[in-house]
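Below: the structure, in structure tokens.
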Amino acid sequence: MVARGGMARFWSLESLQMVAPDGGTESSALVDDNGSEEDYSYEELCQATPRYLQPGGEQLAINELISDGSIVYAEALWDHVTMDDQELGFKAGDVIRVLEASNKDWWWGRNEDKEAWFPASFVRGYIRQCRKHTGMFTTAQLSTIFGNIEDIYKFQRKFLKDLEKQYNKEEPHLSEIGSCFLQHQEGFAIYSEYCNNHPSACIELSKLMKQGKYRHFFEACRLLQQMIDIAIDGFLLTPVQKICKYPLQLAELLKYTTQEHSDYNNIKAAYEAMKNVACLINERKRRLESIDKIARWQVSIVDWEGPDVLARSSELIHSGELTKISKQGKSQQRTFFLFDHQLVFCKKDLLRRDILYYKDRIDMDEMKIVDTEDGRDKDFNINIKNAFKIINRATEEIHLFCAKKQEDKKRWMEACESERRRVQEDKEMGMEISESQKKQAMQNARKSRHGKMKGDYNGCPVPPPHQSLHPIHQRHITVPTSIPQQQVFALAEPKRKPSLFWHTFNKLTPFKK
């Protein structure tokens, strides 16, 4: 944690490769007698000499080589920036001679400048070993388990370097780190994909861990890479915890920073920025849950035409029954669903009222909402009550709708205004759902529907029960005072207030009998 009286030591996560005297590269994994890296099978990995698979085993082997008079070098894969004179700083690609490796975390070595301690860390052991064993892991499984953790690692390395540059070694209380958070605030958005994927990673990992060979494999990887005694799911939880801790750390730093401090305004802005990052991540998680429900809703609609709802929308804002009136004065009772960017309307089956037939949709991006007084309407030349119009700005085409009650009309007009506001907020927040996520949601919904089909009705499959789609009521985040280990996603979950609308919607939902 960062503090005004001083800064906790930040370590970039280095990984080292052993380099033989002839210039050949040896991995810090198991090495054979000739000093070359081998891609061991799972069985060989588990049956290897114990000293290589126990904490501290690898450095003992290296010390034996050194004691025998062998010259052992290490090649740095990444930079190590240090502010301690007793530590050895180096850049990626630098070759360091290892003089002593009696400690599993810190080795003593020499480069061109001096002799000092340097960290022998191991951060990418799991992914590297898993990729080697294609017979145990498919590409899809690795993507599910690890997500974009390597992208996060690259981002954090850059963030760490910039953070250390802002640290005042001589006078720590004068350090100015707020600007560093502001500079990188957009980059923190990559945590969103990881956090959204984390539940799926836990499920996939849980399935694999039921088999002994996977439990043994991951434990062997941990020991091989000299990682601390935490299961793999604990390591995979770390990025989720990290992004949630930043607002807490900045809040604490702001608390002990005087307003006269040169970094006060930046720290305050950084605190707000990181709260917004956490809120955006949490909102994206909620939207992903929403698109699954929307996909299931769409596949239950009979005679659907045109693009999927998810092609443009990611949340349901309002729904209910309205009477749509045509220019010829013809009235049609329809059930309407207002999503962001579009209004979809359907017709109920005459006999089976729990079945909906797709009729049409309206592009809300081109529309404006107009309140209409009760009485005779000049555009349609009919008497109307509890009516409002949706007018196309470009073509001036008019859609006239009538609600049963004045309260219903008010809710619809408020919902239409809310739809425009939310679209603008999404644009400002950079809220986007990837095409692959939308496609996956539709595929899952169609598979689920196919599995639940029990028969046909007039040639049309009976749709599954409709699931209520909850709109967002708040977009703020309440920063907690502690971080639960098992309920991390609850940290930024917006609290939704009970709404009279949803009581009405539940009565109108087309698939509840």
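The values are calculated or read from the model by the stated rules, or taken from the named source; none is laboratory data. In this text, all values refer to a predicted model and were calculated from it rather than measured experimentally. We place every Cβ from the backbone using ideal geometry, glycine too, and count neighbours over all the protein chains shown. For the accessible areas, the whole protein counts, side chains as well, though only heavy atoms, and no ligand, DNA or RNA atoms are used. Shrake-Rupley method; radii C 1.70, N 1.55, O 1.52, S 1.80 Å.
How much length would be gained if the chain were fully extended between Gln332 and Asn444, taking 0.36 nm per residue of separation minus their Cα-Cα distance, in nm to one decimal? Intermediate results must be reported in sequence, preceding the final value.
On the way: separation 112, 0.36 × 112 = 40.32 nm, distance 3.36 nm.
Value of the extension gain: 37.0 nm.
May I ask you to give the percent of accessible area on the stretch 312-424 that is carbon plus sulfur, with a probe radius of 1.4 Å? The C+S portion of the solvent-accessible surface of the stretch 312-424 is 44 percent.
Protein chains only, probe 1.4 Å: how do Cys202, Cys244, Cys221 rank by accessible area, largest first? Mind dumping the intermediate values first?
On the way: Cys202 60, Cys244 30, Cys221 0 Å².
Largest accessible area first, the list is Cys202, Cys244, Cys221.
The label-point distance for Lys165 and Asp85, in a model that sets each label 7 Å from Cα toward Cβ, rounds to 2.6 nm.
The distance linking the stretch 347-383 with the stretch 142-204 is 49 Å (Cα centroid to Cα centroid, whole angstrom). Altogether, the Stokes-Einstein calculation at 20 °C and 1.002 mPa s, with the Kirkwood radius of the stretch 317-413 over Cα pairs as Rh, returns a diffusion coefficient of 154 µm²/s. Figure legend: label point modelled 7 angstrom from the Cα of Arg420 along Cα→Cβ; residues of the stretch 324-348 with amide N under 16 Å from it are 339-343.
What length, rounded to one decimal in nm, is gained on full extension from Lys410 through to Ser206, with 0.36 nm per residue of separation minus their alpha-carbon distance? Don't jump to the answer; show the numbers that get you there.
Details: separation 204, 0.36 × 204 = 73.44 nm, distance 4.88 nm.
Gain on extension, Lys410 to Ser206, equals 68.6 nm.
Under 20 Å from a label point set 7 Å out along the Cα-to-Cβ vector of Glu397, the amide N atoms of the stretch 328-361 belong to 328-347, 358-361. Under Stokes-Einstein, with the Kirkwood radius over Cα pairs as Rh, the value for the stretch 111-234 at 25 °C and 0.890 mPa s is 142 µm²/s.
As an exercise, use a Förster radius of 41 Å and the Cβ-Cβ distance of Asp105 and Thr138 to find the FRET efficiency, rounded to the nearest 0.05. If you can, show how the numbers build up before the last one.
Details: r = 34 Å, r/R0 = 0.83.
It comes to 0.75.
Structure shown: which of Lys324/Lys347; Lys368/Lys405; Lys169/Lys255; Lys154/Lys275 lie over 18 Å apart, alpha-carbon to alpha-carbon?
Working: Lys324/Lys347 11 Å; Lys368/Lys405 22 Å; Lys169/Lys255 22 Å; Lys154/Lys275 22 Å.
As for pairs spanning more than 18 Å Cα to Cα, those are Lys368/Lys405; Lys169/Lys255; Lys154/Lys275.
The mean sequence distance of close C-alpha pairs (under 8 Å, at least 6 residues apart), as a share of the length of the stretch 154-279, puts its relative contact order at 35 percent.
Based on the Cβ-Cβ distance from Gln241 to Ala311, what FRET efficiency comes out when R0 is 41 Å, to the nearest 0.05? Please list the in-between numbers first.
Details: r = 35 Å, r/R0 = 0.85.
About 0.70, to the nearest 0.05.
Give me Rg over Rh for the stretch 197-290, both radii from the alpha carbons and Rh done the Kirkwood way, two decimal places. Using only Cα positions, Rg/Rh for the stretch 197-290 is 1.16.
Going down the table (Lys161/Lys285; Lys293/Lys385; Lys293/Lys359; Lys285/Lys438; Lys91/Lys268), which pairs top 23 Å between alpha carbons?
On the way: Lys161/Lys285 30 Å; Lys293/Lys385 34 Å; Lys293/Lys359 20 Å; Lys285/Lys438 13 Å; Lys91/Lys268 33 Å.
Pairs exceeding the cut-off: Lys161/Lys285; Lys293/Lys385; Lys91/Lys268.
Given 25 °C and 0.890 mPa s, how large is the Stokes-Einstein diffusion coefficient of the stretch 251-405 in µm²/s, with Rh as the Kirkwood radius over Cα pairs? Working shown, then result.
Working: Rh = 19.1 Å.
Value of D from the Cα-based Kirkwood radius: 129 µm²/s.
How far apart, in nm, are two points set 7 Å out from the Cα along the Cα-to-Cβ line at Thr323 and at Glu219? Reported label-point gap for Thr323 and Glu219 is 7.2 nm.
How large is the charge dipole for the stretch 246-379, taken about the Cα centre, if only the Cβ atoms of Lys, Arg (+1) and Asp, Glu (-1) carry charge, to the nearest 20 debye?
500
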